[in-house]
Each structure stands twice: as structure tokens, then as C-alpha cells.
Amino acid sequence: MSTDKRDIDDGGRNGASQLLARAAAALARADRGLTHAIDDFFIDEDARLDDRMRATLTATLTAMVAAVEGDIRRRAARSLPEAAEGAPVLDRLIGAGVLRDPVLMRELIDRISLDLLADSLTDAAPDDHEAASLLARLTASADTYVASAARATMAGEAERRTFIDTGRMSRTALPAELHHRLVWWVAAAIHEQLASGDAGRVIADAALHALGGHDEGDRVEGAAARLAAAIDPQPGELPALLTHALGDRSIGLFVALLAFALRADFAAARQLVVTGGDSLWLALRAIDLDRATIAKIGLALSHDVEAFADQLDAVMGVGADEARAALAPLTLPADFRAAIAALKAAR
């Protein structure tokens, strides 16, 4: 290779420009990497995702985006064959930062936390190990509405367990608003890859058809909420229902029953359960559960059993009315709570 001084042709200048651009990008990545490393070092341990949670969150996002992308590409390819090809769009969405959406991430983190919690529970009913599960008995109910909601809840929970075991997902099972956002993000990323002048309309039509196939009522959260409402448990029935749901690992039904008793939405009750600790114990007092029932639930769900045992007297010292007053904001509509929080943050 010659290194003699000579005139630089266009190819050399282009190569130099590309080298400078790559070097600048590398320096920018290094700066971002340092920022992320510093953020990671100083993050509170209680807020840090553990390895299993991080891996499951990665797998869930990957599978969700792939499911939506595959659906849109298949539909679009009927009119635009080249739409079937192209690099997976996940990296583009991550690079664009759209998947950092706080509402989406809260939904996924809480949902995965609940699924992993269910996976960690023992699968024997607390009082009769030989009895059929609560959900199985409810599917045989003479009340067709109860039976239908129980079957949908069982199917949804089985689908979630299958994903935990296999990593395979055929649909996002997201709330409608979040599903719509994800579909349009994926559609935009596919559109970027296509040069055809008709691509925009074709991809948009494919995305609209994909949206039309999404039924929020099929989500396990919705099915469990319908089931809890159909059962309409009276206060005296709640202890047995809640403890049996936990014993059966029917964590979705447990959350739905708790939400129904609190008159809160499913997402709010789910957050109480996955967060655990004082807020959950307060919620159990707010629905006036007795000491034995709270002890059973606490032993099943507590992150620190010894600390929970030490707290039980204090938990029982809180009156039901006092606990309900403390948790009253949870009974407000989710959008109202978000609006209140936004105003407080801007104060």
C-alpha cells in the first residue's frame, strides 16, 4: 500500500467523510454509554430490575413487536409483495425511543411482575389439595355469564403461562390504546423500509385491518374483571375466594376480586399486588379481611415473610374505614388519577 503524498480523489474524500461520521457516532455512543452506566450505578436497588424480570421484559417486547410486524407485513404483502421483506423493526423502534413510553412500560412491567409472581406460587388449593381449582369449578357454573368469564380467564392465564415457558406470543393482549400505539409505530417503521409510492396507503390499510382484529375483551385482565363482577362476592365470601384463587395460582382472578372489593380498576389493584408491602396490607384491611386471611395472603405474597409477620399486629390495628379513606384515590378513574398527577408534577 502506498502512503506517498498525492492528490486525494473523490473516493478518498468520501471515505474520509464516512470515517469522520463513524468516529463521531462512536464518540456519541461512548458518551451515551457513560451516561447510562452512571445512571445504572446510582439507581436505587429497590427500583432495579432483576435478571429474570429484565430477560422476560426483553422477550415480551420482542415477541409483541414481532407479532404486530408479522401481521402487518402479511396483510400488506397481498397488495405490495415487497412489504413481506425487510429487517425486523424492533431495533428501529428502540433507537427512536418510542418504546420508552411510560404508560406502555408500566403496563408491561406490572403485567410481567404479576405473571412471574403467579409462576412462583405453589399450585395447591390451601384447604383441599384434591379439589378442582376454583376456576375449573366456576366454568361449570349454571350461570352462563360466570361460566363464560371463567373459561376466558382460564384461557388467558394459560396463554400467559405458555409465553413464560416458551417465549411464543400470537397477540399483544395490550389495552386497546397501547395496542393502537404499537401498531402505528410498527407500521411507520415498515413504511420507512419501502420505496414504493403506494407503500404508505398499503401499510396504513394493513395496520387498520390489524387494529380491527384486536379485541380488548379477550385479555385475561378483562375476563377476570368480568368474572369477579359476575360472581359479585359478598364480604363473607371474599376470604375463601381470595385464598383459593392464590392457592390455584389464579393471580388474575385474585387481583380482579381485590379490585372489585376495593371498587378500583384492575390496573390499580394489580399495582398494589406486584408492589406488595404496606399498600397491599392496607388494601386487605380496607376490604375488612380477618387476621387469618390476611396472614395467609401475606405469607403467599410477601417479599419478606419475617418482616410481614412483625407487621401483622400493626396491620390489624388499622381500622377498615381508615384504610378505605387512605386508599380512596385508587377508586377514581385511571384518567382522572393521571390528570391529578400531571397537575401535581407541574406545580
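The values are calculated or read from the model by the stated rules, or taken from the named source; none is laboratory data. Please read all numbers here as calculations on a predicted model, not as lab measurements. Every residue, glycine among them, receives a Cβ derived from its backbone with ideal geometry; neighbour counts consider all protein chains shown. Just so you know, the surface numbers come from the protein's heavy atoms only, side chains and all, with ligands and any DNA or RNA stripped out. Shrake-Rupley method; radii C 1.70, N 1.55, O 1.52, S 1.80 Å.
Using Cβ point charges alone (K and R +1, D and E -1), the dipole size of region 189-240 about the Cα centre works out to roughly 40 debye.
Taking only alpha carbon atoms, region 290-347 gives an Rg to Rh ratio of 1.14, where Rh is the Kirkwood radius. Among Leu108, Ala286, Val146, which residue has its Cα furthest toward the positive end of the charge dipole of the chain, with +1 on Lys/Arg Cβ and -1 on Asp/Glu Cβ? Selected residue: Leu108.
For the chain, what does the relative contact order come out to in percent, with C-alpha contacts under 8 Å and a separation of six or more?
The value is 18 percent.
Distance from the Cα centroid of region 246-273 to that of region 176-211 is 35 Å (rounded to whole angstrom). Taken along its principal axes, the alpha carbon cloud of the chain reaches lengths of 91, 49, 43 Å, longest axis first.
Think of each Lys and Arg Cβ as +1 and each Asp and Glu Cβ as -1; about the Cα centre, that makes the dipole of the chain roughly 1040 debye.
Solvent-accessible area per residue in region 45-120 equals 54 Å², computed with a 1.4 angstrom probe and all protein chains kept.
With a 1.4 Å probe and every protein chain kept in, tell me what percent of the accessible surface of the chain is carbon plus sulfur.
Numbers: 10780 of 19430 Å².
Here it works out to 56 percent.
Ranking Thr172, Ile231, Ala195 by Cα position along the charge dipole of region 95-233, where only Lys, Arg, Asp and Glu carry charges on their C-beta atoms, puts Ala195 farthest toward the positive end.
A 1.4 Å probe run over the protein chains yields, for region 218-259, 27 Å² of accessible area per residue, whole-number rounding.
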